[in-house]
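S.K.: Have a look at this one.
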């Protein structure tokens, strides 16, 4: 069962994110963590995270010997992490160092948030912290993972899983999706959107979306969903339906559904609901305290619908979201 934890930023400083880098770690996911948590964001008016890399050895040979990482902290830095990102690597059958697994267990025992990108789920499972928990990993390792760790509830066809104090991503760009989700959890939708704009990356893809799509790019330019998505985002306060989206795209609802699945890995209704919730969160962060107004302007309808949707998707009520991310905490 997931532990309840807000992982709020410490009053004395920014939230401490530490990445453990071990032999044969993947550079891509390390780069994702650095982009999300390691760069200064002066446009937000605050330092979001205190970011550090650490390793059990002074010199760490990265995946396939691409380069050697030096000059990072020792493994003891993991003991100061509020969020600990564990190592991942392609050789999942090779056991992790006992010292790394012990660092993961200590972090979990003291309530730190644990994150595994791609094959990092294997590290978490080896440490024993995923028993009875939900997780994901790259689809190509799903059978191997289930065979080795049958007590873990693996969801093999989603982008990422947020199980409270343990979060896992499927790999590749899903690491960016999970990282932005974490920023949204920590600082709200407005700052997450600011970070995503700097990355030139989608601000919000729900964790339940599929790991891969049928076509990364449409075969024909006129099959792109971009125009209808932009049209809908400007009209979220209207009572839009899937049929409305299909009519705008000049296709049948069934064809629209297939294109959403192929290009975005989700359904039109799920996408529309996610966009409306993101708008509702931004309105609350900007100071709108009348939840019936937030619900109406975001197309969610009623304050009751807003409460239900926010609790389901963020785990907290609109009032709690306002207290955490409203103007009085952003100043």
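S.K.: Can you sort 264, 272 from fewest to most other Cβ atoms within 10 Å of each residue's own Cβ?
M.R.: 264, 272
S.K.: Separate question: Using just the helices of the chain, give the 222 nm mean residue ellipticity in deg cm²/dmol: DSSP H runs with n ≥ 4 each add -39,500 (n - 2.57), and the total is spread over all residues, rounded to 500.
M.R.: About -11500 deg cm²/dmol.
S.K.: How much length, in nm to one decimal, is gained on full extension between residue 237 and residue 198, taken as 0.36 nm per residue of separation minus their Cα-Cα distance?
M.R.: 11.4 nm
S.K.: Another one. Testing the spin-label approximation: label points 7 Å from Cα along Cα→Cβ at residue 66 and residue 39. State their distance in nm.
M.R.: 1.7 nm
S.K.: Note down the relative contact order for the chain as a percent, whole number, built from C-alpha pairs under 8 angstrom at least six residues apart.
M.R.: After rounding, I find 12 percent.
S.K.: Once both axes come from the Cα atoms, what is the angle between helix 303-314 and the longest principal axis of the chain, in degrees from 0 to 90, rounded to 10?
M.R.: The two axes meet at around 20 degrees.
S.K.: With a cut-off of 8 Å between alpha carbons and a minimum separation of six or more residues, what is the relative contact order of the range 219-331 in percent?
M.R.: Answer for the range 219-331 is 21 percent.
S.K.: May I ask you to derive the FRET efficiency for residue 248 and residue 47 from their Cβ-Cβ distance with R0 = 51 Å, giving the value to the nearest 0.05?
M.R.: E between residue 248 and residue 47, to the nearest 0.05, is 0.75.
S.K.: Ranked highest first by average number of other Cβ atoms within 10 Å, how do 313-320, 250-257, 168-175, 188-195 line up?
M.R.: 168-175, 188-195, 313-320, 250-257
S.K.: How far apart, in nanometres, would the label points at residue 308 and residue 131 be if each is projected 7 angstrom from Cα along the Cα-to-Cβ direction?
M.R.: Result: 3.9 nm between the two label points.
S.K.: Sort 115-122, 26-33 by packing, meaning the average of other beta carbons within 10 Å per residue, with the highest value first.
M.R.: Highest to lowest by the protection proxy: 115-122, 26-33.
S.K.: Quick check: residue separation of residue 147 and residue 24 times 0.36 nm, minus the Cα distance between them. What number comes out in nm?
M.R.: Full extension of this stretch gives 42.0 nm more.
S.K.: Let me ask another. Which order do the peptides 49-59, 79-89, 276-286 take when ranked by the mean count of other beta-carbon atoms within 10 Å per residue, highest first?
M.R.: The peptides rank, most packed first, as 79-89, 276-286, 49-59.
We did not get these values from a lab; they are worked out from the coordinates using the rules stated. Since this is a predicted model, take the numbers as computed values, not measurements. No Cβ is skipped: glycine too gets one built from the backbone with ideal geometry, and neighbour counts run over all protein chains shown.
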